[in-house]
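Just below is one structure, and these are the notes that go with it.
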Amino acid sequence: MDRVGFLCLLLCGFLHMINSETLHVRQKEGNVVVLHCGRLSKGPVTWSRDTNGQRVDILTTHNGEMTKHIPDPDRRYSSGADLALTIFRVSQSDAGRYDCSGATVELSVTAETLHVRQKEGRIAVLRCGRLTKGPVTWSRDTNGQRVDILTTHNGQTTKHIPDPDRRYGSGADLVLIIRRVSQTDAGRYDCSGATVELSVTEETLHQTEKEGNTVVLKCGRLTKGPVIWSRDTNGQRVDILTTHNGETTKHIADPDRRYGSSADLVLIIYGVSQSDAGRYDCSGATVELSVTSGTSKC
């Protein structure tokens, strides 16, 4: 009798372990996650989620038929004959505890981090992971704070920050487009499906001119200002001039009028000399200027 009682106790404990089985599932943002209901193979099964301490029923599945208990306009939730709960385009907000008749599932959602590298002055296109349907809000991490840039939905874009130079854009493919990218654009960007780390490298141009000639330094691919031209002098940045809409403002003394610019944002140096050789920077490029002797051997 004692042996029978002991076996019954073991059986009850085993059944309790089955009913309280906790599974752990990890998935990346934007992917499809499948939560299995423990060892159950026969329904009906109701999947629910713990939300702020309240049980919220998601759907019931039975004999391959599914009944949803919450609005699902984007058709993100589904199930089938295997009683699993399928969540499409999973996001950080989906992380948490899910319950069914056979198990508790703890879902962890990790950010999908993409790495994009682009040169200054060019166009950077940041993709929102595998997402193909919006709405999607692109934001940037700035000094530990989230700053929303724009929201894109059905081909329509709503900007959340001032953008007088129209540098930010998007489209039906949910990308974030940054025009005339610069070093200040480097950093972390987030959307509903991914985290994107943007690295911006300097575009270095090399130019050689003879002493006494006029040299024209182009600011990469930039066609719109304002642009500040500066020079690296003994490890210090020295601003030379700013050019914008064909107007030039000089930041250094120029009694001989050797420096100038024009509507195409170039830096013009008249009567160039050996002392002018070195590194020049603008918003779209770095230019290494070499100056050769103007004398020739007979």
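Please give the calculated 222 nm ellipticity per residue for the chain, where each DSSP H segment of at least 4 residues contributes -39500 (n - 2.57) and the sum is spread over every residue; nearest 500 deg cm²/dmol? Helix-only estimate at 222 nm: -2000 deg cm²/dmol.
Loop-located trypsin sites (Lys or Arg not before Pro) in the stretch 44-134 (DSSP state not H, G, I, E or B) with no more than 12 neighbouring Cβ atoms inside 10 Å: R75.
Using only Cα atoms and rounding to the nearest 10 degrees, what angle (0 to 90) does helix 2-19 make with the longest principal axis of the chain? Around 30 degrees separate the two axes.
Springs between Cα atoms under 10 Å define the GNM used for the chain, and in it the highest mean-square fluctuation of G30, G260, G80 occurs at G80. In a reduced charge model with +1 at each Lys and Arg Cβ and -1 at each Asp and Glu Cβ, the stretch 172-298 shows a dipole moment near 280 debye about its Cα centre.
A Förster radius of 45 Å, combined with the Cβ-Cβ distance separating V32 from L205, puts the computed FRET efficiency at roughly 0.45. The slack between R188 and S101, meaning 0.36 nm per residue of separation minus the straight C-alpha distance, is 27.2 nm. The number of Lys pairs in the chain with C-alpha atoms less than 30 Å apart, excluding pairs fewer than 8 positions apart on the same chain, is 21. Springs join every pair of Cα atoms under 10 Å in this Gaussian network model of the chain, and among G235, G129, G43 the largest mean-square fluctuation is at G235. Select from the stretch 181-280 those trypsin sites (Lys or Arg not before Pro) which occupy a DSSP coil region and have at most 13 other Cβ atoms within 10 Å, ordered by residue number. Loop-located and lightly packed - R257. Here the simple spin-label model places points 7 Å from the Cα toward Cβ, and for Q156 and R257 these points are separated by 5.5 nm.
Taking 8 Å as the Cα distance limit and 6 or more residues as the minimum spacing, I'd like the relative contact order of the stretch 164-220 as a percentage.
Relative contact order here is 20 percent.
Amide H contacts under 5 Å for S283: I228, restricted to partners 5 or more places along the chain or on a different chain, H placed in the peptide plane at 1.01 Å from N.
Pick from N31, N52, N63: which is most flexible by mean-square fluctuation in a GNM of the chain where alpha carbon atoms under 10 Å apart are linked? Among N31, N52, N63, the largest mean-square fluctuation in the Gaussian network model of the chain belongs to N52. For the chain, the Kirkwood estimate of the hydrodynamic radius, built from every pair of different alpha carbons, is 24.3 Å.
No lab work stands behind these numbers, since they all come straight from the coordinates. Model, not experiment: these values are computed from the prediction. Every residue, glycine as well, gets a Cβ built from its backbone with ideal geometry; the counts of neighbours run over all protein chains shown.
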